[in-house]
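Colleague: First the structure, which I've put down as structure tokens, then a few questions once you've had a look.
What follows draws every value from the coordinates through simple rules; no lab data is involved. From a predicted model like this one, the values you see are computed outputs, not experimental measurements. As a convention, Cβ positions derive from the backbone with ideal geometry for all residues, glycine included, and neighbour counts pool all protein chains shown.
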Amino acid sequence: MAIFTKTTKEAKVTKVTKAKKEGALALGSRVNAIVRPHITEKAAILAEKGTYVFEVARDTNKIEIAKAIEALYNVKPTRVNIVNLPNTRVFVRNRKGVKSGIRKALVTLKKGDKIEVV
């Protein structure tokens with residue numbers, strides 16, 4: 001029956017890797033919610049007013065986005081709005097194609113808080 005039991009060394013390794021994975025999931029799930037800052041002219045105008053635009057993962061919700069902003073930039077958002085942009089058909093060099101849609105998060109901060117995006 002020694003085939004089915006774990007040795008002490010294997011047991012220690014699994015405990016350590018399990019703890020690392022749990023820690024990575026706790027922080028990684030928040031950080032991976034944000035893909036990149038969405039930098040456009042319109043986003044720059046909004047940033048002056050205290051609203052920042054980020055491209056986020058498709059499967060995240062407002063709470064996860066708020067926690068990710070807090071973990072990355074050390075500011076607490078007051079409001080998070082989400083915009084889903086659909087796929088768009090494009091025609092380039094006599095070929096039809098599809099430009100993939102994105103999911104944007106508009107993060108509003110309280111007055112006085114700033115995020116250095118660039």
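Colleague: Per-residue HN-Hα couplings for segment 79-91, Karplus 6.51 cos²θ - 1.76 cosθ + 1.60 at θ = phi - 60°, whole Hz, x for Gly and Pro?
Modeller: Values per residue, Gly and Pro as x: 8, 10, 10, 10, 10, 9, 9, x, 5, 10, 7, 10, 10 Hz.
Colleague: Round to the nearest 0.05 the FRET efficiency obtained for residue 51 and residue 31 when R0 = 30 Å and r is the Cβ-Cβ distance.
Modeller: Values: r = 21 Å, r/R0 = 0.70.
Computed FRET efficiency for residue 51 and residue 31 comes out at 0.90.
Colleague: Going by C-beta contacts inside 10 Å, put 59, 113 in order with the fewest on the left.
Modeller: Ordered from fewest to most neighbouring Cβ atoms within 10 Å, 59, 113 come out as 59, 113.
Colleague: Another question about this same structure. Output the pairs from 62/104; 76/114; 42/96 with a Cα-Cα distance over 21 Å in this structure; if there are none, say none.
Modeller: Working: 62/104 11 Å; 76/114 10 Å; 42/96 28 Å.
Correct reply: 42/96.
Colleague: Related question: Along the charge dipole of segment 24-118, Cβ charges K/R +1 and D/E -1, which of 90, 51, 35 sits furthest on the positive end?
Modeller: About the Cα centre, the residue reaching furthest to the positive side is 90.
Colleague: Under 5 Å between amide H atoms, partner at least 5 residues away or on a different chain: which partners does residue 38 have, H built in plane at 1.01 Å?
Modeller: Result for residue 38 returns 53, 54, 55.
Colleague: Which ³J(HN,Hα) values in Hz, rounded to whole numbers, follow from the phi angles of segment 59-71 under the Karplus curve 6.51 cos²θ - 1.76 cosθ + 1.60, where θ = phi - 60° and Gly and Pro get x?
Modeller: With coefficients 6.51, -1.76 and 1.60, one gets 9, 9, 10, 5, 5, 5, 5, 4, 5, 5, 4, 5, 6 Hz.
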